[in-house]
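Q: Right, I'll just put the structure down here and ask away after.
The values are calculated or read from the model by the stated rules, or taken from the named source; none is laboratory data. Just so it is clear, the model here is predicted, and its values are computed rather than measured. Note that we place each Cβ from the backbone using ideal geometry, even for glycine, and neighbour counts take in every protein chain shown. Areas reflect the complete protein model, heavy atoms only, side chains present, ligands, DNA and RNA absent. Shrake-Rupley method; radii C 1.70, N 1.55, O 1.52, S 1.80 Å.
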Amino acid sequence: MQDQIEHGISPMYHPTLFKSFLQAGFACSTEVRGDGRRLDLIHASGHEMLASKDYAQLAEQKIVTVRDGLRWHLIEETAGRYDWSSFLPTLHAAQANNIQVIWDLCHYGWPDHLDIWQPAFVEHFARFAGAVAAKVRDEGIHQPCYTPINSISFLAWAGGEMAHIQPMTSNKGKLLKQQLVRATLAAMDAIRAVDDTARFLQPEPVVHINAPENKPELEAASEELRMAQFEVWDMLSGRICPELGGAPEYLDIVGVSYRPANQWFFKGDVIAVDDIHYRPFATILDEVHQRYLRPILIAETGAENDMRVPWMRYVFEQTVLAMKANVAVEGLCIYPVADYRSWSGDKHLPFGLLGMPDVNGCRSLFEPLALEMRSQQIRLKGLLEDPLPDQRAMPA
């Protein structure tokens with residue numbers, strides 16, 4: 001890929017899917033933890049009450065495509081009955097501020113009355129997804145975009161292998177992954193039956209794993225673990241586990257989640273960005289694109305504290321390199337965009353562009369990151385305004 005960039009073999013990819021290339025996401029986890037406590041980060045971050053202000057503040061920064069979520073456990077507290085009061089104010093706030101939203105339907109949490117291991121879970125989720133699509137359609141939104149289940153790989157690991165969150169089991173990660181894929185496929189069918197203009201984002205973490213130096217005997221195991229990152233997308237597209245019902249049409253927009261700790265030595269430490277073993281993010285994007293030939297959204301990226309600006313700069317520069325090699329990157333989403341208290345609730349995580357709300361319901365803007373993102377917007381605009389002959393069409 002680097003040779004292509006240096007010799008100008010491929011034109012730079014021009015994104016077309018979303019209203020803004022730089023995007024923002026609001027943390028919306030609702031999982032039940034091992035201590036029995038259910039999280040609600042939409043509430044904890046203040047976004048529940050401040051959605052309209054939050055969207056307006058992002059629009060001022062020319063960020064008009066946003067990832068946000070529905071809280072299924074609140075909407076369907078009673079099986080088969082839907083209460084939209086926790087959702088519609090946010091949807092209306094987005095409409096009022098001309099914000100395009102990618103809606104997460106299940107971000108690690110589901111209603112207490114469901115057992116995820118039962119076939120009824122798949123059926124309930126499909127009905128819920130269809131009901132959401134009907135409600136969104138009736139609210140006048142054309143060509144909505146949904147994430148049926150966010151980061152299936154992480155949920156299967158945290159809930160099915162490590163017992164950190166619901167369903168709090170061990171050694172059942174593969175089984176949980178398969179069940180979540182079944183539910184995703186059923187949800188997509190239900191949504192398409194209501195609205196055939198809908199698009200789907202399927203975010204998964206991308207990683208790189210190296211064998212420790214001077215331990216070549218671990219290279220095969222490292223590569224096997226690295227390749228596991230593709231299992232969910234392969235299941236959805238029918239490449240593996242065809243009994244689940246996957247097919248190419250179920251893999252729409254590939255969502256890539258990438259953070260500073262996403263590269264490590266096998267059973268060892270995180271690989272630093274300046275380490276010679278670190279794999280450039282642009283080559284990871286290229287591998288995903290070559291494998292699936294689908295549009296890509298960098299659906300989650302960001303770092304804490306003083307790493308926010310240098311990390312955003314690194315990811316953006318690598319994204320531009322990939323796009324110059326005609327990798328179909330449609331956007332880059334800082335996630336989460338608003339600070340919140342950690343999953344344990346015991347500390348404030350300075351993570352995003354927007355701070356925690358003050359007593360007057362106002363969020364501070366982290367100016368160093370805002371300036372970096374404005375610079376990126378200007379640079380990208382200049383790059384995209386260059387005439388490009390024979391631009392390859394984005395996959396439909």
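Q: Compute the accessible area per residue over the chain, keeping the other protein chains in place, probe 1.4 Å, unit Å².
A: Value for the chain: 42 Å² per residue.
Q: Could you grab the relative contact order for the chain? Cα pairs under 8 Å, six or more apart, rounded to a whole percent.
A: 19 percent
Q: For every other residue with a beta carbon closer than 10 angstrom to the beta carbon of Y335, add +1 if it is Lys or Arg and -1 if Asp or Glu, then tell me the sum.
A: +1
Q: Highest mean first, what order results for 12-24, 350-362, 233-245 on Cβ atoms within 10 Å?
A: Result, highest mean first: 12-24, 233-245, 350-362.
Q: For the chain, with all protein chains present and a 1.4 Å probe, just round the carbon and sulfur fraction of the accessible area to a whole percent.
A: That share works out to 53 percent.
Q: Give, rounded to the nearest 20 debye, the magnitude of the charge dipole that the chain has about its Cα centre when Lys and Arg contribute +1 at Cβ and Asp and Glu contribute -1 at Cβ.
A: It comes to approximately 460 debye.
Q: When only C-alpha pairs under 8 Å and at least 6 residues apart count, what is the relative contact order of region 144-259, in percent?
A: Taking the mean separation of contacting Cα pairs over the length of region 144-259, I get 28 percent.
Q: Mind counting lysine pairs for me in the chain? Cα separation below 16 Å, and the two need to be 8 or more apart along the chain or on different chains.
A: Close lysine pairs under the 16 Å cut-off: 6.
Q: Around D104, which amide H atoms from residues at least 5 apart in sequence, or from another chain, sit under 5 Å from its own amide H, with H modelled in the peptide plane?
A: D68, G69, L70, T147
Q: Counting only complete DSSP H runs, which helices of the chain cover 18 Å or more along their long axis at the Cα atoms and score a mean Kyte-Doolittle of -0.5 or above?
A: Span-like helices here: 119-138, 173-194, 308-324, 367-384.
Q: Right, another one. I need two numbers for the chain: Rg to one decimal and Dmax as a whole number, Cα atoms only, in Å.
A: 20.4, 61
Q: Counting pairs of alpha carbon atoms under 8 Å apart in space and at least six apart in sequence, what relative contact order in percent does region 27-145 give?
A: Relative contact order, region 27-145: 27 percent.
Q: Still on this model: Run the numbers for A56 and D112: contour at 0.36 nm per residue of separation, minus the present Cα-Cα distance, in nm.
A: Length difference between fully extended and current span is 16.7 nm.
Q: For the ranges 181-190, 223-232, what's the packing order if you count other beta-carbon atoms within 10 Å of each residue, average per peptide, and put the highest first?
A: Highest to lowest by the protection proxy: 181-190, 223-232.
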